[in-house]
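Notes follow once the structure below has been shown.
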Amino acid sequence: MRNLSACLVLLLLISSALADGPGDNVADNVRAVPPVGIELSDVVRDELDGGLAELNKKIEQLRESNDLKVQSLLPDVEIFSRAIRDAIAHRELFHKNDIGKARQVLAEGHARADALTNRNAPWTTQTGLVVRGFKSQIDDTVQPYGVVVPESYAFAGASEYRTDVWLHGRGERSTESLFIHERMNRVGQISPANTLVVHPYGRYSNAFKFAGEIDVLEALDHAKSQYRVDENRISIRGFSMGGAGCWQFAVHYPSQFFAATPGAGFSETPEFLKSFQGETLTPTWYEKKLWQLYDCTGYAANLFNLPTIAYSGELDIQKQAADIMEQAMGDQGLKLTHLIGPQTKHAIHPDSLKTIENKLANLAVQGRDRAPTTVDFTTYTLRYNRSFWLTVDELTEHWERATVRATLSASENTIRLTVDGVRGLQLDLAAGDAPFNLRQPVQIEIVDFSTDKDSESATNRQILVGPRPESDRSWQCQIHRDGDQWKIGSRPASIRVVKRHGLQGPIDDAFMERFIIVAPSGKGLHPETDAWAKSEQDHLVREWRRQFRGDAIVKQDTEISDDDIATSHLIVFGDPASNAFLKSIQSELPITWSEDESSLMVGDKKRVDAAHHAPVMIYPNPKNPTRYVVINSGFTYREYAYLNNARQVPKLPDWAIIDIRTPADSLWPGKVVDAGFFDEAWKLK
């Protein structure tokens, strides 16, 4: 394994910038991402096709095995087949040297298939560079990730190892085959002693957002199942696009890591696009709201609980990411540790990297604090609702700032809460973490600035008596606000469906968990909207593979089973005439078709012509309110956003009405004539 000093010599250059600058600001002239690769000669194509066919035969035989070990390790083989399949089918080899890389990837797939056929799996006990695979819960596709296993790793024993998650930079040519080849041959930018390094693929080039975000979590979970990962010594790290991903994981998942080291990249959308891209922004009101999903500046207070070491090159334009976070943290009374590489552009200076490694080693000695005395937490959405022992169950209003400061006092047997914009909380201290007197109930003091923002007066201060700790030194309590008063317990079950974690929108949220596209089998009400819906479905299938590197699951409306309804979000295209599933639920949707099917009804106050307009929305599935139904939409950013990762944010809120007389383009599915968010009870505002 290459040691740290050798890595330093490389200066850790990034292969690609985040975008090409102002030339990528023209929405009607969008270059292909990923680019179109080279044309393979007949000889090379036949060679790769033949090798792939043979590998697939071996995989099919392995799938028939009843051996549980074989089945659990099969994704470690399948990733090689899928990578070569897509490289050939979609022209994703970009240079003649990539052909040799594809040969090596294919050869490794054959070697693993042959070994597994003989019930062997040597890569599972291999140190150094290893490529692993897992089956994603989102769409059942196998996804790769790399791991660097230190030479000191003991495969037998009880020792647990510090684990660093490294998020890679932008690479528009980093498709599966080339990513796997790189992870087979390059240690990468970091290799700390006695440390596992996990390299998620992140489903290509999306700054580890949406499905890319879930890919990081799934890769880490798989690594935990295969290696002895120390849960209290996991760090999140990255540079360039990976630095952007690191910022967002740090602020959204502050309790999962013992440290974060973001380098360069971006940390929010509007200011970065102005400074780096030179882009003139004209966002809609709902786009501004939706920036709050991934703009890390609004979540800066969460870094109170996560040691963070930022890095920038002195001459790097992407220094803006840490600069703006430094300001946002300063507004929260926090001082950012910001290392700056002298006279350095877009690279990590070797002296700075050495300092980062020393600081991380010191932080790893203590590791993650499982139960900090004080938790500061900010969110704008229930998608990100937890920090350590604090979980936010309900918000006053999504996309408005919601804050909680929670402090434990063991001597007073008290938890003190200061809240704003929150209507429900869970407090959950695991076994061994509750510092309270076992014989006394825990007192909960609440100051709620939602009811009185100007003072801690008697009108907004309450004291509740919670339960006693349990004998295992655990303690749990749920509280909610009823009117202006907080009460112990969860909200009564009689309350109708409300926005909650994993069921809060916007439309893009449905593509972060398992989903099935429900295709229409019939003829639509109107030829124009029928053609538009089918085109948007095709667009989703195509772009899901291109941008999120998945094979979308597609079923006809008549094929949807009870199990599908129970386990998956359903992405339904068409109208009540063309799609039987949509017809079965349309009467329970807030936007639907009139009785004569000539109009779309937006609640009971607005009608639009159904012949030229189509509804787009996300809503709890009436047949299973714990899962979404999405009508006529895929993920809502389109091809223009592919050119810069900071643009890859939701474009549409919970619902919209599309005038299809304006053709779909690289920005929009048509002309958006109306759009909005549902309220916290999933009602039209």
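The values are calculated or read from the model by the stated rules, or taken from the named source; none is laboratory data. This structure is a prediction, so every number in the text was calculated from the model and none was measured. Please note: Cβ atoms are built from the backbone with ideal geometry, for glycine as well, and neighbour counts cover all protein chains shown. Just so you know, the surface numbers come from the protein's heavy atoms only, side chains and all, with ligands and any DNA or RNA stripped out. Shrake-Rupley method; radii C 1.70, N 1.55, O 1.52, S 1.80 Å.
Within 16 Å of Lys487 (Cα to Cα), modelled with pLDDT under 95 and out of contact with any Pro (no Cβ under 6 Å at 6 or more places or on another chain): does that describe Thr418? No, not satisfied. Can you tell me which residues in the stretch 503-516 are in a loop (DSSP other than H, G, I, E, B) and open to solvent by less than 10 Å² (accessible area, probe 1.4 Å)? Those that are in a loop (DSSP other than H, G, I, E, B) and open to solvent by less than 10 Å² (accessible area, probe 1.4 Å): Gln504, Gly505, Pro506. May I ask you to verify whether Ala207 is part of a loop (DSSP other than H, G, I, E, B) and among the hydrophobic types (A, V, I, L, M, F, W, C)? Yes: the conditions hold for Ala207. Among the residues of the stretch 523-543, the ones that are buried (at least 19 other Cβ atoms within 10 Å of the Cβ) and touching a helix residue (DSSP H, G or I) at 6+ places or on another chain (Cβ under 8 Å) come to 1 in all. Checking the stretch 518-534 against the condition returns no match, with no residue being under 23 Å from Glu78 (Cα atoms) and among the hydrophobic types (A, V, I, L, M, F, W, C). When the stretch 402-446 is filtered for residues that are of a type in the set (Lys, Arg) and outside any strand (DSSP E or B), only Arg439 remains. Here the condition is being of a type in the set (A, V, I, L, M, F, W, C) and more than 19 Å from Phe134 (Cα to Cα); of Val187, Val216, it holds for Val187 alone. Residues that are without any contact (Cβ under 8 Å) to a residue 40 or more places away in the chain and among the polar types (S, T, N, Q) were ranked within the stretch 74-115; the one that is farthest from Asp46 (Cα to Cα) is Asn97. Considered as a group, the residues in the stretch 650-672 that are open to solvent by less than 10 Å² (accessible area, probe 1.4 Å) and among the aliphatic types (A, V, I, L, M) include one that is nearest to Ala27 (Cα to Cα), and that residue is Leu652. If I filter the stretch 238-258 for residues that are more than 30 Å from Arg162 (Cα to Cα), open to solvent by less than 10 Å² (accessible area, probe 1.4 Å) and within 17 Å of the chain's Cα centre (by Cα), do I get at least one hit? So far as the stretch 238-258 goes, no, none of its residues is more than 30 Å from Arg162 (Cα to Cα), open to solvent by less than 10 Å² (accessible area, probe 1.4 Å) and within 17 Å of the chain's Cα centre (by Cα). Strands (runs of 3 or more DSSP E) fully within the stretch 90-194 that include at least 3 residues being farther than 26 Å from Tyr311 by Cα and open to solvent by less than 10 Å² (accessible area, probe 1.4 Å): 128-135. Could you go through the stretch 159-168 and let me know if any residue there is modelled with pLDDT under 95, of a type outside the set (Asp, Glu) and over 30 Å from Ile517 (Cα atoms). Yes: the stretch 159-168 contains one or more residues that are modelled with pLDDT under 95, of a type outside the set (Asp, Glu) and over 30 Å from Ile517 (Cα atoms).
The set of residues in the stretch 470-496 that are farther than 14 Å from Arg423 by Cα, in a strand (DSSP E or B) and open to solvent by less than 70 Å² (accessible area, probe 1.4 Å) comprises Trp475, Cys477.
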